[in-house]
1. Work the Kirkwood hydrodynamic radius out for segment 3-67: mean of 1/r over every pair of different alpha-carbon atoms, inverted, in Å.
2. In segment 1-109, which chymotrypsin sites (Phe, Trp or Tyr not before Pro) are in a loop and have at most 16 other Cβ atoms within 10 Å, using DSSP for the loop call?
3. Given the pairs Lys101/Lys127; Lys43/Lys101; Lys72/Lys107, which are separated by over 20 angstrom at their Cα positions?
4. Any idea what the dipole of segment 3-67 comes to, in debye rounded to 20, about its Cα centre with Lys/Arg Cβ at +1 and Asp/Glu Cβ at -1?
5. Express the C-alpha Rg of segment 38-94 as a ratio against the empirical globular expectation 2.2 N^0.38 Å, rounded to two decimals.
6. With a cap of 15 neighbouring Cβ atoms within 10 Å, and only residues DSSP puts in a loop, list the trypsin sites (Lys or Arg not before Pro) found in segment 80-170.
7. Can you run phi through the Karplus equation (6.51, -1.76, 1.60; θ = phi - 60°) for segment 114-124 and list ³J(HN,Hα) in whole Hz, with x for Gly and Pro?
8. Considering amide H positions built from the backbone, and no H for Pro or chain starts, which residues 5 or more places from Ser175, or on another chain, come under 5 Å of its amide H?
Amino acid sequence: MTKGKVIGIIVTVFVLLIAGILLFDSFAVVEAGHTGVVLTLGKVDEATLAEGFHTKIPFVQQIVQISNRITKLEVMTEAFSKDLQTVSATVAINYRVDSAKSGALYKNIGQSFESVLVTPAVNEVLKAITAQYTAEESVTNRAIISEGLVEGLNEKLNESGLYVTDVNIINFDFSEAFINAIEEKQVAQQQLLKAETEKQTAITNAEAEAETIRIRAQAEAEANRILSESLSELVIENKKIEKWDGKLPQVQGSVTPMIPIE
């Protein structure tokens, strides 16, 4: 093989290699649920690319993919309640990026928008909401606090192209002293409820017994009334005769028995 042929083969291979690289870098595929942000020599283009196959200028343009799917973020933070108790909370945030604002978000924040925007917003809004409730109320009003978080976060993040769809408070933790105080309060409430129940039971029993006595007295009085009305003077005299033993009283002087003779 002559030197000219060898050089020709090398040049051909080199041209094919460059052509292959250029061809490979001439297109991009934006995945489903993503938006393609086009960078031309590092400058962010206003127009974004929808999911699917797209062409681009090799080595000049770059496609950055921004997910528009719902993303879950867990944030652990601390706040203070209305009664100045320390509240440690673990909050799960579901949010998504507006596809129409993906380019502006990438241009202004970059791909670290979660740590730059979302996490600080969660800390700030949670502190503002928990300050409205006592520590005990924070537990019982968890659903209300979650709704307040969704509303407050959207007010802060929507302008940047971030939308919070759901907030779940995974856990509320308090100081050991506060937990002990709550337990003591619950015990006191249970003891008070028990004492009140026993009191009501005693009152009920006493009222029932008094009612029984009253009914018995009324029945006895009624029986005496009926008996009194049924006893005539003749019946009473007859009862006296039935009970006389036939002996006259022992007195001086003549005694005439007082027995009526018909």
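Computed from the coordinates by the stated procedures, all read-outs in this text should not be read as laboratory data. Here the structure is a predicted model, which means the values were calculated and not measured. So basically every Cβ, Gly included, is an ideal-geometry build from the backbone, and we count neighbours across all protein chains shown.
1. Kirkwood radius, segment 3-67: 13.5 Å.
2. Phe59
3. In this structure, Lys101/Lys127; Lys72/Lys107 exceed 20 Å between Cα atoms.
4. Roughly 520 debye, rounded to the nearest 20.
5. On the way: Rg = 20.8 Å, N = 57, 2.2 N^0.38 = 10.2 Å.
Normalised Rg, Cα atoms only: 2.03.
6. Numbers: sites: Lys82, Arg96, Lys101, Lys107, Lys127, Arg142, Lys156; in loops: Lys82.
In loop regions of segment 80-170 (DSSP not H, G, I, E or B), the sparsely surrounded trypsin sites (Lys or Arg not before Pro) are Lys82.
7. 5, 7, 7, 10, 5, 4, x, 5, 4, 4, 5
8. Thr86
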